[in-house]
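Visitor: Sharing a structure, written as structure tokens. Questions coming.
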Amino acid sequence: MLPKELIKKLRRIEILTARAANAQLAGAYHSVFKGIGIAFSEVRQYQPGDDVRLIDWNVTARMRDAYVKLFVEEREMTVMLLVDASGSGLFGTREQPKRDLAAEVAALLAFSAIKNNDRVGLIIFTDQVERFVPPKKGKKHVLRVITEILTFEPRSRGTDLAVAMEFLGRVARRRSVAFLVSDFLASRYEQALKIAQRRHDVVPITLTDPMEEQLPRVGFVLFEDAETGELVEFDTFGSGRHRYAERVRRAKQEREQLFRRLKLDFVNVRTDAPYLQPLVAFFRARERRLHR
């Protein structure tokens, strides 16, 4: 039995994201994420102008008349949500921590998917894959996925994006759309990401909090690394504050350069700003590019 507070939160996310998915994303989602190929539909008699390569010779021989095969786009897809549950996801200095933001973003994408009759699966990871929910259709399944993200208690606090990418390669045999939801406070994942994007349509979604980019001037502060537990005393009035901001800016630049080099579309969402706008912008930009 879920606690009342969790049920209330789940209901709020359902109402908020389902409405947004129906109103603003469903049509764009359908246009942007095409089916994975074509599937045989039926045969019909040959008509002048038909491609002779489509003639079904077995049916033609049996019916003593020329028949061609017809194909339709295979619309149904699998959407995999890869959600980072490492310790840094508990951080948040605005209305919610990054983990709750991840749940809402994942919910919005999941409702958009089922609106188009696609299947949705979930991989929750830290420095290991800790939970896998196989892809299924339907609202009930999506609510289970959201609940898993909100209630999950990870065994580890570390992060390993490569582990998640490698697991995706093992469980998703057919081409899928893979939304990688993380703060990307990790390293050594370039090769795994490169391999994953060859088979799947990988879309990185980066979660950030403004305090991670620019520290306030509050004097000496004792920081604890959410993933390692290491304690560090830091003077926010000193020159280290500017070096920290520059290091964060450079890390973001290098990460986005990697995404562009791999030809990955990516989205940045923040705990201090509505997440719907950057997601809508992502869908519209991709739609314009695909229909040039």
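Visitor: Quick one: in region 223-272, which of the residues that are hydrophobic (A, V, I, L, M, F, W, C) and modelled with pLDDT under 80 is farthest from Leu185 (Cα to Cα)?
Guide: Restricting to residues being hydrophobic (A, V, I, L, M, F, W, C) and modelled with pLDDT under 80, the top hit is Phe237.
Visitor: Residue under question is Arg157, and the condition is that it be in the same structural domain as Arg99 (by TED's automatic domain parsing), among the basic types (Lys, Arg), over 14 Å from Val83 (Cα atoms) and at pLDDT below 95; does it hold?
Guide: So Arg157 fails the test.
Visitor: Might you let me know whether region 223-237 holds any residue that is of a type in the set (Gly, Ala, Ser) and more than 20 Å from the chain's Cα centre (by Cα)?
Guide: So far as region 223-237 goes, yes, one or more of its residues are of a type in the set (Gly, Ala, Ser) and more than 20 Å from the chain's Cα centre (by Cα).
Visitor: A follow-up question, please. Taking the conditions exactly as written (of a type in the set (Phe, Trp, Tyr), within 15 Å of the chain's Cα centre (by Cα), in a helix (DSSP H, G or I) and surrounded by 11 or more Cβ atoms within 10 Å (Cβ to Cβ)), does Phe283 satisfy them or not?
Guide: Spelling it out, Phe283 is indeed of a type in the set (Phe, Trp, Tyr), within 15 Å of the chain's Cα centre (by Cα), in a helix (DSSP H, G or I) and surrounded by 11 or more Cβ atoms within 10 Å (Cβ to Cβ).
Visitor: Here is a further query. Which condition does Ala61 not pass, out of (1) small (Gly, Ala, Ser); (2) in contact with a strand residue (DSSP E or B) (Cβ under 9 Å, 6 or more places away or on another chain); (3) at pLDDT 85 or above, if it passes all the others?
Guide: All conditions pass for Ala61, except number (2).
Visitor: Can you find a residue in region 15-30 that is more than 30 Å from Arg289 (Cα to Cα), assigned by TED's automatic domain parsing to the domain that holds Val177 and either modelled with pLDDT of 70 or more or within 20 Å of the chain's Cα centre (by Cα) (or both)?
Guide: Scanning region 15-30, I find at least one residue that is more than 30 Å from Arg289 (Cα to Cα), assigned by TED's automatic domain parsing to the domain that holds Val177 and either modelled with pLDDT of 70 or more or within 20 Å of the chain's Cα centre (by Cα) (or both), so the answer is yes.
Visitor: What single numbered condition from (1) farther than 25 Å from Met77 by Cα; (2) in contact (Cβ under 8 Å) with a residue 40 or more places away in the chain; (3) among the basic types (Lys, Arg) fails to hold for Arg188?
Guide: (2)
Visitor: How do the pairs read when you match residues in region 274-287 that are in the same structural domain as Arg19 (by TED's automatic domain parsing) with residues anywhere that are outside any helix (DSSP H, G or I) and among the acidic types (Asp, Glu), using Cβ under 8 Å and keeping only pairs 6 or more apart or on different chains?
Guide: Listed by first residue and then by second, the contacts come to Phe282/Asp265; Ala285/Asp265; Arg286/Asp265.
Visitor: A follow-up question, please. In region 96-151, what residues are buried (at least 21 other Cβ atoms within 10 Å of the Cβ), among the polar types (S, T, N, Q) and touching a residue at least 60 places away in the same chain (Cβ under 8 Å)?
Guide: Ser112
Visitor: Considering only region 98-117, state which residues are over 16 Å from Ala273 (Cα atoms) and over 10 Å from the mean Cα position of the chain (by Cα).
Guide: Ala107, Phe111, Ser112, Ala113, Ile114, Lys115, Asn116, Asn117
The values are calculated or read from the model by the stated rules, or taken from the named source; none is laboratory data. The structure presented is a predicted model; accordingly, all values stated were derived computationally and were not measured. Counting neighbours? That spans all protein chains shown, and the Cβs are built from the backbone with ideal geometry, glycine included.
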